[in-house]
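The values are calculated or read from the model by the stated rules, or taken from the named source; none is laboratory data. It should be emphasised that the depicted structure is a prediction, and the values quoted were computed from it without experimental measurement. Cβ placement follows ideal geometry from the backbone for every residue including glycine, while neighbour counts extend to all protein chains displayed.
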Amino acid sequence: MKCSIENCPGEYQEQFISQVFTRHGESIVIENIPAKVCDLCGDTVLDWAAVERLWQTLDNQPKPRKFLPVYSYTAIPV
């Protein structure tokens, strides 16, 4: 499928992406979200079923399966 961004000649490719969400002041990373990503500009499109499942996941917040360190940009030395 052709990219929907004006003047972009790219094509959408099926991929799995990771996305960071902030909910109630906490950051949540969800991996392996099915998406269509433009091979040139990177525009990303989710289908409605994926969006509904994300909302359900965020509403029900299951116990995290992984933990990772989080760094604040302001704390990084120059």
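Return the pair list, or none, for Cβ contacts closer than 9 Å from residues in the range 55-66 that are among the β-branched types (Val, Ile, Thr) to residues that are at pLDDT below 85, at least 6 apart or on different chains.
Thr57/Ile28
Anything in the range 18-46 that is loosely packed, with under 11 Cβ neighbours inside 10 Å and in contact with a strand residue (DSSP E or B) (Cβ under 8 Å, 6 or more places away or on another chain)? List them, or say none.
The answer is Ser18, Val20, Thr22, Ser27, Glu31, Asn32.
Within the range 36-43, identify whether any single residue is outside any loop (DSSP other than H, G, I, E, B) and among the hydrophobic types (A, V, I, L, M, F, W, C), and answer yes or no. Break it down into steps so the answer makes sense when it comes.
As a first pass, look at the range 36-43 and keep what is outside any loop (DSSP other than H, G, I, E, B): 36-38.
Narrowing further to those that are among the hydrophobic types (A, V, I, L, M, F, W, C): 37-38.
Yes, the range 36-43 contains a residue that is outside any loop (DSSP other than H, G, I, E, B) and among the hydrophobic types (A, V, I, L, M, F, W, C).
I want to confirm something. Restricting to the range 7-17 and keeping residues that are in contact (Cβ under 8 Å) with a residue 12 or more places away in the chain and not in a strand (DSSP E or B), which single residue is surrounded by the fewest Cβ atoms within 10 Å (Cβ to Cβ)?
Pro9
Here are some conditions: (1) loosely packed, with under 11 Cβ neighbours inside 10 Å; (2) touching a Lys or Arg at 6+ places or on another chain (Cβ under 9 Å); (3) among the aliphatic types (A, V, I, L, M). Leu68 meets all but one. Which one does it not meet?
Leu68 satisfies all of (1) loosely packed, with under 11 Cβ neighbours inside 10 Å; (2) touching a Lys or Arg at 6+ places or on another chain (Cβ under 9 Å); (3) among the aliphatic types (A, V, I, L, M) except (2).
Would you confirm whether any residue within the range 21-29 is within 26 Å of Cys3 (Cα to Cα), of a type in the set (Lys, Arg) and assigned to a strand (DSSP E or B)?
Scanning the range 21-29, I find no residue that is within 26 Å of Cys3 (Cα to Cα), of a type in the set (Lys, Arg) and assigned to a strand (DSSP E or B), so the answer is no.
Taking only pairs six or more apart or across chains, which ones have beta-carbon atoms under 7 Å, a first residue in the range 31-46 that is at positive phi, and a second residue that is part of a strand (DSSP E or B)?
Asn32/Phe16
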